[in-house]
Amino acid sequence: MIDVESFKNLSDFDNVLVVDANGNVIFYDMADLNILKELHLRPENFLGKHVTSFYKDLTNENSTLMNVLRSGRSLCNIRQEITTTKGNIVVSVNSTYPIKEGDRIIGAVEFSKHFFPKENIQHMDKYARHKVYRKNDTIYTIDDIITVNPTMIAIKNKIEKISKTDSTVLIYGRTGTGKEVIAQAIHNLSDRYSQPFVSLNCGAVPANLLESTLFGTTKGSFTGAEDKQGLFEQAEGGTLFLDEINSLEIGLQVKLLKAIEEKSVRRIGGKKNIKVDLRVISATNEDPDLLIAEKRMREDLYYRLGVVQIDLPNLKERQEDIEVLLEHYVNFYNNNMNIFIDEIDQEVMDCFKAYDWPGNIRELKNAVETAFNQANDHRITLEDIPKRIREYKRPVPEANRISATIHSLREAVEDYEKKIIMGELEQANGVIAQTARRLGLSKQSLKYKMDKYRLR
C-alpha cells in the first residue's frame, strides 16, 4: 500500500519515479526525456540505477527518496538544488511517499518538477528553445541572428523598428542567408507575436494548388472540394510569410496583390469576400530588379510587397561573422549531439575564412555537423570538415590578369576597369542595379562604361 494521506496537488508535478527498498529505479515516467540526456543516460539504461548515481552531489543522506525509505514518513514539496554530471544546477520540487507491504517498506514513489536557475538559462535551449514562441509556430527570435558584422547589426536595428508597424516587408537574400529567421524575428518582436506565424514556400507547392492553398476553397467548387480556409485566413491576426515569392505565376500575382490591397480574400468558388487582418512578409532568392526586368514579377506587386526591403548579404561578405557562427554552431551541437567539442584547429578556421560559402549560413551549419560526425578526441581537425572546403582554392579574379598586349598606362587602367566590371556583372548575374551598387556607381555611369567597353 501507499501512504496517501498527504497527497496534494500531484497534478502540479511532471515526473514520477519509483524505487525499490534499496533505492534502485524500477519505474519512471518523465514529461521530457531530454532530462536523461543531461544525466548521460539512455531510457533503457535508466532502470536499475541507484537514485543517487544521477547527480554529483546527491547522497544517501540528502536524497528525499532515501530519507523516505529510512523513515517511512512522507516528505511533501521539498525543494532540492542538485548538480548534474555536466555541472549544471537543477532545482527540483519533490513530494515523496513510502510504499508499504504491511509494516514493511518495500519502496518509494516520488513526484517531481524540475526548474533551471537564471544563471543556467542557456541550458534550457535544448529542452524548450523559445518555448513561449513555439505556441505561435515559430522557433527563431532576433537573438538567433548571430553577427558582429556592421551590415547585419544595422539590419537587426532595422528589424526592431519595423516590427512595430504592419507594413509589408520583402526580404532578398541568396539561399541559406537566413530569410525565415528574419521573418520570424519581425513577427516575434511585433504586437502580433501571440498570434500565428504561417509560412509557405511558394516554390514547393504545385502551381495548380497554390491559389487554393492561399485563399481556400468552397464546398462543391470542384470535384472533392470542401469548405476549407486558405493560409490568409489561417494567419488571421498574425503574420503570413511567403518564401520564394518569385516562383508565383503572373496570374496569381494579380490575385495576391488584390488580397493585400483590399485586406480580404475570396475562396475558390465562394461568393463573398472574407476580411483578413494580418501582416505579409515575403522573400525572394533572386534580385527583384532582375525579376522585374525579365517580367517575372509585376512592378505593382513588388512596390506593394516591398514597402520595407531588407537585403541580406552573402556569408562571404560577412568575414568577421564566420568565427562567431562557427563557435555558435559548435555550442549548438555540443548541446544536441552525443559528442562534445572543445577545440578547433587553426587550420580549420583558416579554411572556413578562405572558403566562399555559396550555401551561406546553412552550408556552414551543415559543415559543422559533418565535423561533429567525424571528430575524435573532442577536437575538430582539417580532416573532419567537408573535402570541398579544405581543398578549396579561391580563383584569381580576371581583373588581376593584365593583358600582355597593353602598351600604355591608359590602356592598362581601362583594361583593369573593364575586367572589374565584368567580374562584378558575373557575380550579380548580369543585374545592372546590383552591379552598380557593388561598384559604388550610379546605373547611368555603369551603363556608360558598359557601352564603352562593349559589355552589352
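Here, each number is a calculation from the coordinates, and none is a lab measurement. What you see is a predicted model, and the numbers here were worked out from it, not measured in a lab. Reconstructed Cβ throughout: ideal geometry from the backbone, glycine too, with neighbour counts over all protein chains shown.
What whole-number distance in Å separates the alpha-carbon centres of the range 43-79 and the range 276-327? About 55 Å separates the Cα centre of the range 43-79 from the one of the range 276-327.
Treating r as the C-beta distance of LEU209 and ARG70 and R0 as 60 Å, the FRET efficiency rounds to 0.35. Rounded to whole numbers, the Karplus 3J(HN,Hα) couplings from phi for the range 15-23 are 10, 10, 9, 10, 10, 7, 5, 8, x Hz, using 6.51 cos²θ - 1.76 cosθ + 1.60 with θ = phi - 60°, and x at Gly and Pro. Along the axis of the charge dipole computed for the chain (Cβ charges of +1 for Lys and Arg, -1 for Asp and Glu, origin at the Cα centre), the listed residues CYS202, GLY102, VAL18 are led at the positive end by CYS202. Put in line by how crowded their Cβ is, counting other Cβ atoms within 10 Å and starting with the fewest, CYS76, CYS351, CYS202 read CYS76, CYS351, CYS202. Working ranking of peptides 383-391, 322-330, 221-229, 274-282 by packing, defined as the average number of other Cβ atoms within 10 Å per residue, highest first, is 274-282, 322-330, 383-391, 221-229. Full extension of the chain segment joining LYS228 with ASN77 gains 49.5 nm, where the gain is 0.36 nm per residue of separation less the Cα-Cα distance. Taking amide H as placed 1.01 Å from N in the peptide plane, ILE268 has its amide H under 5 Å from the amide H of GLY216, THR217, THR218, each at least 5 places away in sequence or on another chain. Working from Cα pairs under 8 Å separated by at least six residues, relative contact order for the chain is 11 percent. The structure shown yields Cα Rg over 2.2 N^0.38 Å, and of the options (i) 1.07; (ii) 0.94; (iii) 1.32 that calculated value carries the label (iii).
Each of LYS49 and ARG104 was given a label point 7 Å from its Cα along the Cα-to-Cβ line. The distance between the two points is 2.9 nm. For GLU211, GLU343, the sequence from fewest to most other C-beta atoms within 10 Å is GLU343, GLU211. With both labels modelled 7 Å from their Cα along Cα-to-Cβ, the GLU414 to GLU327 distance reads 5.1 nm. The orientation-averaged shadow of the Cα convex hull for the range 315-390, equal to a quarter of the hull surface, comes to 4.3 nm².
The label point for LYS158 and the one for SER194, both projected 7 Å from the Cα toward the Cβ, are 3.1 nm apart. With r as the distance between the Cβ atoms of ARG454 and GLU320 and R0 = 51 Å, compute the FRET efficiency 1/(1 + (r/R0)^6) and round to 0.05. In this case the efficiency is close to 0.85.
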